[in-house]
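Here is the structure we will look at.
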């Protein structure tokens, strides 16, 4: 039986992102698809939240809304103290750049840039240079991720696990309040996947990031402090730490109810 890592005590958990009575519809008339139906969810500083559900349950839509990558049909989406529904594209892009980091299943590294340039890309896009303190933090982060001797390598010269570590370093480098991870272990072998999950959990506990992770994998979800289960666009359960076997049984129940 696979069990979750030991829980790390946390204090002063502040809400970093939340949705309130959010609905998301696509299409119109008889062709309308109801991706989300009145969802409430908060993601707090210092915790790793797994979002799970059967295919079509709305989990990716929920992640995109939390990150400001999509807008709801109705309801509210907050990043920190900002309700983002009324922001124009420019303001929303700036807010995402300041407050959100992204880890994608496909890594999304720039192939012509080396490791360090990929990690510093958020600063470059924002027209800023990292401070001495920020560079020190990035140096420690790259060391923790086992990338200190790969800084001049380009993505094609790295293994899949190393590329995902670079993506994580890029997401964490500017210390955004929220990190969203979309199936971050989907393209990795089981050993590398466990290492990546441990790194994400440590980032939440050690660096205070709020991390929202969409996953279909019970082993990945077992690393989370909290698991939110969706079905048919609704939150049907919210649990604390669970081992992978219990998560798998719950997911089978959800699949059987469809």
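Computed quantities for the displayed model
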item	result
Residue match in the stretch 55-66 (condition: touching a helix residue (DSSP H, G or I) at 6+ places or on another chain (Cβ under 8 Å), modelled with pLDDT under 95 and closer than 22 Å to residue 201 by Cα)	no
Test: residue 141 is outside any helix (DSSP H, G or I) and either on the phi < 0 side of the Ramachandran plot or buried (at least 18 other Cβ atoms within 10 Å of the Cβ) (or both)	no
The stretch 89-115, subset assigned to a helix (DSSP H, G or I) and touching a helix residue (DSSP H, G or I) at 6+ places or on another chain (Cβ under 8 Å), residue nearest to residue 156 (Cα to Cα)	115
Hits in the stretch 5-30 (condition: modelled with pLDDT of 90 or more and over 18 Å from the mean Cα position of the chain (by Cα))	20, 21, 22, 23, 24, 25, 26
Selected residue (only one of 165, 170, 156, 175 is within 26 Å of residue 110 (Cβ to Cβ) and touching a helix residue (DSSP H, G or I) at 6+ places or on another chain (Cβ under 6 Å))	170
Filter pass, residue 232 being surrounded by fewer than 21 Cβ atoms within 10 Å (Cβ to Cβ), touching a strand residue (DSSP E or B) at 6+ places or on another chain (Cβ under 9 Å) and over 29 Å from residue 138 (Cβ atoms)	yes
Selection status of residue 197, crowded, with 18+ Cβ neighbours inside 10 Å, part of a helix (DSSP H, G or I), in contact (Cβ under 8 Å) with a residue 60 or more places away in the chain and on the phi < 0 side of the Ramachandran plot	no
Where residue 204 falls short, out of the listed (1) in contact with a helix residue (DSSP H, G or I) (Cβ under 7 Å, 6 or more places away or on another chain); (2) touching a residue at least 40 places away in the same chain (Cβ under 8 Å); (3) part of a helix (DSSP H, G or I); (4) over 19 Å from residue 245 (Cα atoms)	(1)
Residue 98 vs. criteria under 18 Å from residue 42 (Cβ atoms) and surrounded by fewer than 16 Cβ atoms within 10 Å (Cβ to Cβ)	no
Single match in 49, 77 (criterion: more than 25 Å from residue 205 (Cβ to Cβ), under 19 Å from the mean Cα position of the chain (by Cα) and surrounded by 15 or more Cβ atoms within 10 Å (Cβ to Cβ))	77
Residues satisfying the stated conditions in the stretch 208-257, i.e. on the phi > 0 side of the Ramachandran plot and either within 16 Å of the chain's Cα centre (by Cα) or assigned to a strand (DSSP E or B) (or both)	208
Filter pass, residue 150 being surrounded by 12 or more Cβ atoms within 10 Å (Cβ to Cβ), touching a residue at least 12 places away in the same chain (Cβ under 8 Å) and within 19 Å of the chain's Cα centre (by Cα)	no
Residue in the stretch 237-254 that is surrounded by the most Cβ atoms within 10 Å (Cβ to Cβ), counting only those that are touching a strand residue (DSSP E or B) at 6+ places or on another chain (Cβ under 9 Å) and in contact (Cβ under 8 Å) with a residue 40 or more places away in the chain	247
Hits in the stretch 42-54 - residues which are in contact with a helix residue (DSSP H, G or I) (Cβ under 7 Å, 6 or more places away or on another chain) and either under 21 Å from residue 216 (Cβ atoms) or without any contact (Cβ under 8 Å) to a residue 60 or more places away in the chain (or both)	43, 47, 48, 50, 51, 52, 53, 54
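The values are calculated or read from the model by the stated rules, or taken from the named source; none is laboratory data. As the structure is a computational prediction, the values presented were derived from the model and not from experiment. All Cβ positions, glycine included, derive from the backbone under ideal geometry; neighbour counts span all protein chains shown.
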